[in-house]
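Report on one structure; see the data block that follows.
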Amino acid sequence: MDHSNDKRGSGLIVDRRELMAGAAALGLGFSASSARAADAPKKGGTLRLGMEGGSASDSLDPRTYADSIPISYGWQLWNGLVEIGPDNNPVGELAESWEAKPGAKEWVFNIRKGVPFTSGKILDADDVIYSLNMHRGETKSGAKDLMAGISDIKKLGSHQILITLSSGDAGLPSIFADYHILIVPNNFTDWSKPDGTGAFELVTFEPGVRVVTKRKKGDYWKKDRGHFDGVELRYIPDAAARVQALISGQIDAANRLDAKTVSLVMKAPTVNVVRTKGTGNRFAWVALCDTDPYQSNDMRLALKYGIDRQKIIDNVYKGFATLGNDTTVAPSQKYFAKDVPQRPYDPDKAAFHFKKAGMADAKIELQVSEGAFSGATDCAVLYQEAMKKAGITLDVKRVSGDGYWSNVWLKAPFCAVYWGGRPSADNQLAQTFLSNANWNDTHWRRPEFDKRLLEARAELDDAKRGQLYAECQKMISEDGGMVCFAIGDYLDGYSKKVMGAAPHPHYDMCDQRVAEKGWFA
Amino acid sequence: MLRLIATRFALGLLTLLAVSVLIFICTQILPGDVASAVLGQQATPESLKVFRAELGLDKPAYLRYLQWLLGVLHGDFGKSLTNGRVIIDELAPRFINTLFLASYAAVIAVPLAVGLGILSAIREGRLTDRLANILTLIAISVPEFFVAYILIIVFAIKLAWFPSLATVDSDMGLGMRTYVAFLPALTLTLVVMAHMLRMTRNSVLSIMSTPYIEMAFLKGLTRSRVVAWHALPNALGPIVSVVALNLAYLVVGVVVVENVFVYPGVGQYMVDAVAKRDVPVIQACGLVFAAVFVTLNTVADILAMLANPRLRRRR
């Protein structure tokens, strides 16, 4: 397999060669020696990961996962039903295959046979049903909303289940790729002794310090994965400390490199930087569409035309971000609306719409916080400057990051927010833009949109489905209250001896599965 | 003397009780609770309700406090609200790590600072004095993370003598620990030296201007003998208390250094707990920290009294 053929469909997934071309254009030094990921995988070695995105309060219970470190050890110990493949389509993991009945309301999932848990138990339908039900009904699970459409799960055979939805959803398999939905044995409750089907078993769990796992005895049920003898995941929340540790060889891989210093990291002779373009966090301002002055769509359009997206990306993210087009769907995602034109920075249009809204003395106050996302304040200040050129006064109010999500977000009329990538465009849209969504942070409620989205869901014809999703995105872009100005790139750093670490359209660190996907040269 | 120690001990316990009440009240005033902090942006009203009921957060605050207090009196610090792990099992190894790093830094810093302080006093105004003062002042004037990064650049990256990650774990022997934790210990040494050095120097010098010292000089004694035998014992009181204060700082105030060197101490544990509103963990850390402060201050007072009999009299 030649790696250069890896440039996929949209061309937005950046593999190492593309990255190096980009780096050369930026005038950065780069060595081409280790670009080959096609060599046959070797067994052995301990992968030392240094990561940000966790704390001393992390738990092994997947219902509470919300950040990178738990997601990473989750995929080491367990598997999901489905994973997202490199082409953005769902691929079977513990589900061997599935089939939707016409209307996509009823789904039959065939469970893989002969897959052992650490305890020796063999996976069957009861385990899967129990695991899925952990996220339904009365639960604290972060996946509760994703699973809300499921009305019933029934066992058809020892390795077959029937899932009934309240309304059709052709994208159901993608939902099961969510990192909360890990498959545990039936009636499993003791999270301190994890029992999973993953490649590794737990050795030490010290949340906030390190998580150590080792490869299970015998062959992993995935023939082409699970090459390391063990994984030592260390919590290194300080970005500078992570980079030093990587450069000096104390760790083999680090996540979330700082865009401001990544050009220096690339110069280190022992390190590869893997950039996954436009799949990271969606950075946005959200205005409440039912609160003045944002009730007027002209005002909202003024907000959208008045932001200089490229300038923010160049200055705050040092070019490591993609333009946002006012929805949370990223260009790297399937069903991204390519035909909706990218909104430009146009002070004249912003001034025009602002005047048309007829609220010249309206107070526009944007509440921002580093607790919303790092760099939010800088983005807001640049936004303020850009709006000034359109003759609009924007007040930027800095608020505390502590308690931001409970006190400011969903309450302030105009404030900063970030959205993570979800398994599919459907989840992405449903989560924030459906009228009854818990997280409808723009209070944008359009029955027309809801209808269109549900129609798209139930549509099994891919082309028609894409058309409907595109219409949905167009409606948001033209009428919604979200100013999504940038979508971050993921920047991972690897030692040159780590192989198989290709960028993935879903999450960073190979979809957080580098532990089972990678190997040492 | 014994009575005094007993009184101080009782007062210390009272302080701890007051601290625990204060911390509890503060955590109640903070916006949000553990459920909303853990679920963060993923929280929905229903999942919050389920989470809160699971943790017993629906009970009134004073009841939760009394329950906690009852547990602590029985030696049970309870379980973490966020991940259900037994707090004492999590806290104990971290506290040992913190104490190890603090003692490591103290073993270097205290003799060095006090020695240099006395030397500065003996050679007041001369080059040694000036140099010691200027260098330690520079070290204390820059933020500790800056000192840490400088040390990392020099010793971890350029010279590659020491690791920049100081993650110690329970399997490590003493030798390995000492090696791995050298850079954070050095950073802390540089941070606390100036205070102790200057205090030693100044308290010795202030004694030097008293008549009995002049008398000693008139007897024909050398300056170093006057400083070491006549001035120092009387200057010990303030020196001991400033050393105690700095030792306490080494235990409770090192979260920045822990963070830069990824050292698994109590500081980061407590910061994580505060961010997640994990009240029992915050309480346990707060109690431990307060206990360290109270103990060190009591010891300092007792030592000062031993060195200076005048302080033993009650007025």
Note: B:Ser206 to B:Leu69 extended length (0.36 nm per residue) minus current alpha-carbon separation gives 44.6 nm
Accessible-area loss of at least 50 Å² (1.4 Å probe, chain alone to full protein assembly) applies in region A:219-267 to A:Arg234, A:Asp238, A:Gln244, A:Gln250
A:Lys356 and A:Leu460 label points (each 7 Å along its Cα→Cβ direction) are spaced in nm at 4.4
Bounding extents of region B:87-312 in its principal axis frame from Cα atoms, largest first in Å, are 64, 46, 30
In Å², rounded to a whole number, the accessible area per residue of region A:217-274 with probe 1.4 Å is 39
P(r) of region A:282-488 over all Cα-Cα pairs, 5 Å bins starting at 0, rounded to whole percent, reads 1, 8, 16, 21, 21, 17, 10, 4, 1, 0
Probe 1.4 Å, heavy atoms of protein chains only: per residue, the accessible area of region A:282-488 in Å² is 38
Honestly region B:147-249 on the Cα gyration tensor test (a ≥ b ≥ c root eigenvalues; a/c under 1.5 rounded, otherwise a/b vs b/c for prolate or oblate) is just prolate
Protection proxy (average C-beta count within 10 Å per residue), highest first, orders B:170-177, A:291-298, A:191-198, B:10-17 as A:191-198, A:291-298, B:10-17, B:170-177
SASA check, B:Arg64, accessible area w/ 1.4 Å probe, all protein chains in place, rounded to nearest 10 Å², comes out at 50
Carbon plus sulfur, as percent of the 1.4 Å-probe accessible area of the protein assembly as shown, comes to 59
Violations at 24 Å Cα threshold for listed pairs A:Lys121/A:Lys214; A:Lys193/A:Lys214; A:Lys214/A:Lys267; A:Lys222/A:Lys464; A:Lys144/A:Lys223; A:Lys113/A:Lys497 -> A:Lys214/A:Lys267; A:Lys222/A:Lys464; A:Lys144/A:Lys223; A:Lys113/A:Lys497
Among beta bridges assigned by DSSP with both residues in the protein assembly as shown, the antiparallel ones amount in percent, to the nearest 5, to 80
Reduced to Cα centres, the span from region B:79-128 to region A:288-348 in Å works out to 51
Distance in nm between A:Lys42 and A:Asn186 label points, each 7 Å along Cα→Cβ, equals 4.5
Buried by partner chains in region B:49-78 (accessible area down by at least 40 Å² vs chain alone, 1.4 Å probe, heavy atoms, protein only) are B:Val50
The computed P(r) of region B:59-126 puts the percent of Cα pairs beyond 14 Å at 75
Per residue, the convex hull enclosing the Cα atoms of region B:209-251 spans a volume in Å³ of 68
Cα-Cα pairs in region A:109-264 separated by more than 28 Å, as a whole percent of all pairs, come to 38
By the C-alpha gyration tensor axes a ≥ b ≥ c (rounded if a/c is under 1.5, else prolate when a/b exceeds b/c, else oblate), the shape of region A:371-521 is oblate
One finds the C-alpha centres of region B:154-195 and region A:94-127 to be spaced, in Å, by 51
Expressed in angstrom and rounded, the centroid-to-centroid distance over alpha carbons for region A:400-471 and region A:192-226 is 35
Distribution output for the protein assembly as shown: share of Cα-Cα pairs per 10 Å bin in percent, first bin at 0, values 2, 11, 19, 22, 20, 12, 7, 4, 2, 0, 0
Computed over all unlike Cα pairs, the Kirkwood hydrodynamic radius of region B:172-304 in Å stands at 17.6
Log entry, pair B-A: total buried accessible area, probe 1.4 Å, protein chains only, in Å² rounded to 100, is 3400
So for region A:73-166, using the alpha carbon gyration tensor with a ≥ b ≥ c as root eigenvalues (a/c under 1.5 gives rounded; past that, a/b versus b/c decides prolate or oblate), I'd call it rounded
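The values are calculated or read from the model by the stated rules, or taken from the named source; none is laboratory data. No experiment lies behind these values; they were computed from the predicted model shown. Positions of Cβ are backbone-derived with ideal geometry, glycine not excepted, and every protein chain shown enters the neighbour counts. All accessible areas refer to the heavy atoms of the entire protein, side chains included, with ligands and DNA or RNA removed. Shrake-Rupley method; radii C 1.70, N 1.55, O 1.52, S 1.80 Å.
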